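Worksheet for the structure shown next.
Just so it is clear, none of the values below were taken in a lab; they were calculated from the coordinates. The model shown is predicted, which means the values in this text are computed figures rather than measured ones. In this analysis, Cβ positions are derived from the backbone assuming ideal geometry, glycine residues included, and neighbour counts consider all displayed protein chains.
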Amino acid sequence: MSNGKVETIIKNGIATVQFMHPQSNSLPGTLLMSLAAEIEKAGNNNDAKVIVLKSEGEKTFCAGASFDELISISDLATGKKFFSGFAAVINAMRKAPKFVIARVQGKAVGGGVGLAAAADYTLATEAAQAKLSELNVGIGPFVVGPAVERKIGTSAFSSMSINAGEWMSAEWAREKGLYVNVYPTIAELDKAVDELAGKLAQSNPEAMAMLKKVFWQGTDDWDKLLSERAEMSGKLVLSEFTRNFIEKFKQGVR
């Protein structure tokens with residue numbers, strides 16, 4: 001539990017992939033690879049017609065990269081491997097021949113925004129503020145960038161990337177297309193997710209798989225692209241700026 005967990009439950013044609021980490025659902029490398037593997041397995045399981053991605057808890061959907069792991073990175077190969085975990089999750093969501101619904105019940109930071117953007121349909125609560133904080137840490141949203149830019153457009157992506165310290169409201173995220181809809185409470189969010197997933201579980205799997213290909217047309221180069229982006233982040237995380245920032249953050253100095 002100290003390292004988090006990922007579990008999948010398939011019921012009535014709905015594969016619910018749920019992750020958790022005690023540090024605000026942040027994502028260390030092992031959890032990222034487990035998450036990617038579970039999404040891929042659900043995509044290949046004939047008993048699953050639709051995939052719901054969710055996290056435990058109420059306040060935070062996903063806090064992005066694990067700072068504990070970031071500060072432990074000491075060479076480029078390790079850095080690239082870590083950020084390749086985010087690439088693996090995004091590509092698993094992209095390639096799954098089933099729609100992925102993201103349930104964003106709380107704040108999304110960095111890689112968490114990437115997960116919300118890589119889903120085919122994202123629903124959230126009014127508390128689900130979003131922030132791309134990577135530049136503040138000395139890196140940038142390179143790996144998640146293609147998914148976020150594809151979903152909300154270059155202008156909104158640039159705004160989030162440059163103003164890395166500002167929380168964007170859930171309503172802003174809805175207006176830009178990151179979220180399809182937002183709900184006042186988690187209970188109302190869950191009702192909406194359950195209703196949509198239930199309908200899709202009864203829909204034509206072949207038609208949904210074909211639609212998915214249409215939606216993601218033009219992203220065939222993402223395996224290579226996101227790998228290159230992971231190397232960029234892996235290089236920057238070794239910088240003195242980033243290492244000093246993370247150390248100060250861990251000590252509670254902002």
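What percent do you get for the relative contact order of the chain when only Cα pairs under 8 Å and 6+ apart count?
Rounded, it is 22 percent for the chain.
For the peptides 70-78, 224-232, what is the packing order when you average, over each peptide's residues, the other Cβ atoms within 10 Å and list the highest mean first?
Going from most to least packed, we get 224-232, 70-78.
With a/c under 1.5 counting as rounded, go ahead and sort the stretch 104-190 into rounded, prolate or oblate using the C-alpha gyration tensor (a ≥ b ≥ c being the square roots of the eigenvalues; past the cut-off, prolate if a/b is larger than b/c, else oblate).
prolate
Projecting each Cα onto the charge dipole of the stretch 5-185 (Lys/Arg +1, Asp/Glu -1 at the beta carbon, about the Cα centre), which of G64, A170, S34 comes out farthest on the positive side?
S34
Could you work out the relative contact order of the stretch 106-236? I mean the mean sequence separation of Cα pairs under 8 Å and 6+ apart, divided by the number of residues, in percent.
Result for the stretch 106-236 is 29 percent.
For an R0 of 45 angstrom, estimate the FRET efficiency from the Cβ-Cβ distance between K59 and L238 and round to the nearest 0.05.
That pair, K59 with L238, gives E of 0.90.
Let's see if you can work this out: charge +1 on each Lys and Arg Cβ, -1 on each Asp and Glu Cβ, no other charges. What is the dipole magnitude of the chain about its Cα centre, in debye to the nearest 20?
With only Lys, Arg, Asp and Glu charged at Cβ, the dipole is about 100 debye.
Distance between Cα centroids, the stretch 68-134 to the stretch 163-186: provide it in whole Å.
The two parts, judged by their Cα centres, are 16 Å apart.
Please give me the summed charge of the neighbours of N44: other residues whose Cβ is under 13 Å from its Cβ, Lys and Arg +1, Asp and Glu -1.
So the environment of N44 carries a net charge of +1.
Lys and Arg at +1, Asp and Glu at -1: add these up for the other residues within a Cβ distance under 15 Å of K176 and post the number.
0
What length, rounded to one decimal in nm, is gained on full extension from I9 through to E228, with 0.36 nm per residue of separation minus their alpha-carbon distance?
75.5 nm is the gain from fully extending I9 to E228.
So between D190 and D75, what do we pick up on full extension, going 0.36 nm a residue minus the alpha carbon distance?
Result: 37.2 nm gained on full extension.
In Å³ and rounded to a whole number, note down the convex hull volume per residue for the Cα atoms of the chain.
113 Å³
Leaving out same-chain residues fewer than 8 places away, which aspartates and glutamates sit with a Cα under 12 Å from that of K151?
D120, E175
Over 26 Å between Cα atoms, which of K49/K191; K59/K176; K176/K213; K80/K176; K59/K95 qualify?
Pairs exceeding 26 Å: K80/K176; K59/K95.
Is any helix in the chain, taking whole DSSP H runs, at least 20 angstrom long along its axis by alpha carbon and on average at least -1.0 on the Kyte-Doolittle scale, and which ones?
Span-like helices in the chain: 29-44, 76-95, 186-201, 222-236.
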